[in-house]
1. Which whole-Hz couplings ³J(HN,Hα) result when phi for each residue of region 36-50 is put into the Karplus expression 6.51 cos²θ - 1.76 cosθ + 1.60, θ = phi - 60°, listed in order with x for Gly and Pro?
2. Can you work out the Karplus-derived ³J(HN,Hα) for every residue in region 70-76? Use 6.51 cos²θ - 1.76 cosθ + 1.60 with θ = phi - 60°, whole Hz, and x for glycine or proline.
3. Could you please report the charge total around Leu117, scoring K, R as +1 and D, E as -1 over all other residues with beta-carbon less than 13 angstrom from its beta-carbon?
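Taken together, the values in this text are just the output of simple stated rules run on the coordinates, not laboratory data. No experiment lies behind these values; they were computed from the predicted model shown. Here the Cβ positions follow ideal geometry from the backbone for every residue, glycine too, while neighbour counts run over all protein chains shown.
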Amino acid sequence: MSILPAGQEPARKILLACVGNIFLGDDGFGVEVARQLCQREQRYPANVQVSDFGIRGLDLAYALLEDYDTLILVDVVQRGSPPGTLYLIEPDLSQINAASGASAGRTALDAHSMDPLKVLGFARTLGARPVRTLLVGCEPAELADGADYSEMHMGLSAPVQAALPGVLEMLDKLIVELLVFPVEQV
């Protein structure tokens with residue numbers, strides 16, 4: 001069952017890239033979003049690729065070599081709002097270019113972290129073309145024991161867990177909007 005009306009399958013390609021580390025508490029938000037999207041009955045059209053990249057920045061960089069029109073990153077975002085707050089951000093990526101990606105490539109190869117901006121820069125060094133990029137984020141909560149995100153802690157906090165239905169609804173609306181009323185890359 002698709003979220004679009006029958007017969008309305010646009011040719012635009014979207015990569016919904018969910019990122020994060022499940023061993024660092026709320027940092028696993030994107031991974032949990034991918035899991036829920038893949039388990040539900042309601043599906044996106046075939047031209048919308050939902051992928052759990054976890055912390056595999058190199059895999060994401062190579063995926064961007066495919067001809068996508070839009071990249072949607074799903075991750076935690078610290079902006080100082082209450083935990084569980086959802087954001088839709090269109091970052092300014094004008095500073096990313098293939099030249100800056102050369103040094104980013106070394107960081108993108110780190111198997112224990114992912115900096116999406118560095119991954120995008122590295123993807124450009126590989127030949128990926130710039131695409132419209134959106135970030136769907138969730139404000140993480142502090143870990144209950146006061147630990148920081150460098151310590152292992154599995155499972156989402158209550159506020160971030162409670163935000164999951166809202167982010168799924170946000171993504172559904174965003175996908176329909178992008179497929180039915182696309183905004184061209186500037």
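1. 5, 4, 6, 8, 7, 6, 6, 10, 7, x, 4, 7, 10, 9, 9
2. Residue by residue, region 70-76 yields 9, 10, 10, 8, 10, 7, 7 Hz.
3. With Lys, Arg at +1 and Asp, Glu at -1, the neighbours total -1.
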